[in-house]
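I'd like to ask you about the structure that follows.
The values are calculated or read from the model by the stated rules, or taken from the named source; none is laboratory data. Note that the structure is a prediction, hence the values are computed from the model and not measured. No Cβ is skipped: glycine too gets one built from the backbone with ideal geometry, and neighbour counts run over all protein chains shown.
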Amino acid sequence: MTTEQTRADAGRYVEDLADIEDDFDRWYVEVVKKSGLIDDSPIRGCKIIKPYGYALWEACMNYLDPQFKATGVENASFPMFIPRANLEREADHVEGFAPEVAWVTHGGGRAFPESEWWAVRPTSEAVILPAFGKWIQSYRDLPLLINQWNSVFRWTDRPRAFLRTAEFLWHEGHTAHATAEEAVERTLQMLEIFRVFLEEQCAIPTIPGVKSEAEKFAGAQRTYTVEAMMGGKKWALQAGTSHYFGDHFGRAFDVQFLDRDGSRKFIESTSWAVSQRVIGAVIMVHGDDAGLILPPRMAPIQAIGVPIYKNDEEKAQVEEALDAALGAVAFAGVRAKADWSDQRSGWKRNEWELRGVPIRLEIGPRDIAAGVATIVRRDTREKEQVATDDLATRVPLLLEQIQTDLLRRARALLDENTHPIDDYDALKEHVAANRGFALVRWCLDPACEAAIKEETKATSRCLPLGGQDDPGPCVRCGREATGPRWVFARAY
């Protein structure tokens, strides 16, 4: 194959994405692979996260880890296997995860008795709480605030990169407290950290709220969530959760402490997490027909340098100028690099648009003669010429503007596609047409919730925190519904 054929094939590879409006699901599958985030794995239900994709997860960790530690949380690491007896100590918990659990039944050349099987952790309460039981003796040992960065395994027959894979990356925070008030305060504190993270780092607005009994975490007394609206079909994504367990797991695992009054009490506990799903959210909220659009604070590369030249003499001049320009913006704190690959400049433009780099910085002989560089925004494709001496100030300011504009655009998506609906037929039509979130009155009868799910495929996403009371007839059965409206929507 000739070099020209290789370049032509590469060009088609970059440009041939499914139309985001016509087939959003196919667009998503193609963009995560062609942009270099994901590759297929020989393990059913699992994906390989390539360096460019893992760098996005590192951006999440680099933001969240200091936030957790600022509240007193410490990192630890627990085994990935859970003894069967431990997992089965909490009935609701094991029932909720049973269909997703993978079991280790053999090891060291022998079969284990069924009672000694190990579960590959779907979550870690059943291995962390027994450790808490050894570490906590009195009120002086509380609160105990632990987090771990790890992966978990939950069997799935329909994997979708970042959104639902059998093994996935996340963190899981687990805390123990002396009182219910302290535990609830911690639960809401972590939910707020997630809300701010999604807005500040990912440029994604959310609706914080509480889950219904049917949708809450297995074994939780209450589950709080931050729900985000995705682009394309305008479905919901549960972007982070924070669970208040009460003394439920304390009792299940017999974690007691001697309180100040001399009595023995069970701990109040919490758990909270975000996962690699937020990367999928960034892709779906911000992407377009050309590929990814990465918020600058998430982007592994914030400015990509594209050299423009026709011969070796021009290349030498451009190389010197581009290195100086990128060096200046890098010194100003911008993550920048140059693309010196053996591809045409048009291919490079398409490639880095596909990969979502916020700013493209181009320099050619004419730019050098004029003492400028051409910079192009990924989100709007707006171009401007900037004096090379001004790049170190202009590029950081433009990155912040892009971050702000992406959040503003995502907020408009959420606001313009969230509607109060009072008629059940209108709700069915709203959901079927992918018109976004529905704010409905619901009587809290689980039978109505189940019927709505079966008849429309929409689920209750949350009861928004701080919502205004709006009593009236339940959208499904017509009985009196009190309190604020609930968010119902199709969800990933």
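Quickly run through the stretch 138-162 and pick out the residues that are among the hydroxyl-bearing types (Ser, Thr, Tyr) and either modelled with pLDDT under 95 or closer than 22 Å to Lys69 by Cα (or both).
Hits for the stretch 138-162 are Tyr139, Ser151, Thr156.
Right, another one. Any residue that is of a type outside the set (D, E, K, R), within 20 Å of His171 (Cα to Cα) and modelled with pLDDT of 90 or more - is there at least one of those in the stretch 4-26?
For the stretch 4-26, residues of a type outside the set (D, E, K, R), within 20 Å of His171 (Cα to Cα) and modelled with pLDDT of 90 or more: absent.
Which residues, counting only those in the stretch 288-319, are crowded, with 24+ Cβ neighbours inside 10 Å, among the small types (Gly, Ala, Ser) and out of contact with any strand residue (DSSP E or B) (no Cβ under 6 Å at 6 or more places or on another chain)?
Gly291, Ala299, listed by residue number.
I'd like to verify a number: residues in the stretch 27-55 that are among the β-branched types (Val, Ile, Thr), over 17 Å from the mean Cα position of the chain (by Cα) and either assigned to a helix (DSSP H, G or I) or over 22 Å from Trp170 (Cβ atoms) (or both), how many?
Qualifying residue count for the region: 0.
Across the stretch 246-305, what is the total count of residues that are touching a Ser or Thr at 6+ places or on another chain (Cβ under 7 Å) and either over 26 Å from Asn150 (Cβ atoms) or among the polar types (S, T, N, Q) (or both)?
Final tally of qualifying residues: 6.
Moving on. Of these, Thr187, Thr175, Thr165, Thr179, which one is surrounded by fewer than 18 Cβ atoms within 10 Å (Cβ to Cβ) and modelled with pLDDT of 95 or more?
Of the residues listed, the single one that is surrounded by fewer than 18 Cβ atoms within 10 Å (Cβ to Cβ) and modelled with pLDDT of 95 or more is Thr179.
Of everything in the stretch 400-455 that's small (Gly, Ala, Ser), over 21 Å from Gly483 (Cβ atoms) and touching a residue at least 40 places away in the same chain (Cβ under 8 Å), which residue is surrounded by the most Cβ atoms within 10 Å (Cβ to Cβ)?
Within the stretch 400-455, the match that is surrounded by the most Cβ atoms within 10 Å (Cβ to Cβ) is Ala410.
Name the residues in the stretch 212-245 that are among the acidic types (Asp, Glu) and in a strand (DSSP E or B), would you?
Matches in the stretch 212-245: Glu227 only.
Can you tell me which residues in the stretch 191-229 are touching a strand residue (DSSP E or B) at 6+ places or on another chain (Cβ under 6 Å) and polar (S, T, N, Q)?
Once the filter is applied, which keeps residues that are touching a strand residue (DSSP E or B) at 6+ places or on another chain (Cβ under 6 Å) and polar (S, T, N, Q), the stretch 191-229 yields Thr206, Ser212, Gln221, Thr223, Thr225.
Find the residue count for the stretch 190-201, including only residues that are touching a Lys or Arg at 6+ places or on another chain (Cβ under 8 Å) and surrounded by 23 or more Cβ atoms within 10 Å (Cβ to Cβ).
Number satisfying all stated conditions: 0.
If you don't mind, another one. Taking only pairs six or more apart or across chains, which ones have beta-carbon atoms under 6 Å, a first residue in the stretch 211-228 that is of a type in the set (A, V, I, L, M, F, W, C) and at pLDDT 95 or above, and a second residue that is part of a loop (DSSP other than H, G, I, E, B) and crowded, with 24+ Cβ neighbours inside 10 Å?
Val226/Thr206; Ala228/Ile204; Ala228/Thr206
Say whether the condition of being surrounded by fewer than 19 Cβ atoms within 10 Å (Cβ to Cβ), within 30 Å of Ser263 (Cα to Cα) and in the same structural domain as Leu258 (by TED's automatic domain parsing) is met by at least one residue in the stretch 91-114.
Within the stretch 91-114, one or more residues are surrounded by fewer than 19 Cβ atoms within 10 Å (Cβ to Cβ), within 30 Å of Ser263 (Cα to Cα) and in the same structural domain as Leu258 (by TED's automatic domain parsing).
Here's a follow-up. Those residues that are buried (at least 21 other Cβ atoms within 10 Å of the Cβ) and either closer than 21 Å to Asn350 by Cβ or in contact with a Phe, Trp or Tyr (Cβ under 7 Å, 6 or more places away or on another chain) (or both), I need them from the stretch 29-48; list them, please.
Of everything in the stretch 29-48, those that are buried (at least 21 other Cβ atoms within 10 Å of the Cβ) and either closer than 21 Å to Asn350 by Cβ or in contact with a Phe, Trp or Tyr (Cβ under 7 Å, 6 or more places away or on another chain) (or both) turn out to be Val31, Val32, Ser35, Leu37, Ile38.
Same structure, new question: Looking only at the stretch 301-347, which residues are in contact (Cβ under 8 Å) with a residue 60 or more places away in the chain and either in contact with a Lys or Arg (Cβ under 7 Å, 6 or more places away or on another chain) or hydroxyl-bearing (Ser, Thr, Tyr) (or both)?
The answer is Gln302, Gln343, Arg344, Trp347.
Residue-by-condition table, conditions (1) surrounded by 19 or more Cβ atoms within 10 Å (Cβ to Cβ); (2) modelled with pLDDT of 95 or more; (3) within 11 Å of Pro307 (Cα to Cα):
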position: Ala321; (1), (2), (3): yes, yes, yes
position: Ala336; (1), (2), (3): yes, yes, no
position: Ser341; (1), (2), (3): no, yes, yes
position: Lys348; (1), (2), (3): yes, yes, yes
position: Glu351; (1), (2), (3): yes, yes, no
position: Leu354; (1), (2), (3): yes, yes, no
position: Ile359; (1), (2), (3): yes, yes, no
position: Arg366; (1), (2), (3): no, yes, no
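While we're on this one: Going by what's in this entry, would Glu100 be described as closer than 30 Å to Glu192 by Cβ, modelled with pLDDT of 95 or more, charged (D, E, K, R) and under 22 Å from the mean Cα position of the chain (by Cα)?
No, not satisfied.
Now a separate question. Select from the stretch 14-28 the residues that are surrounded by fewer than 16 Cβ atoms within 10 Å (Cβ to Cβ) and either among the basic types (Lys, Arg) or closer than 27 Å to Phe194 by Cβ (or both) and list them in ascending order.
Hits for the stretch 14-28 are Asp25, Arg26.
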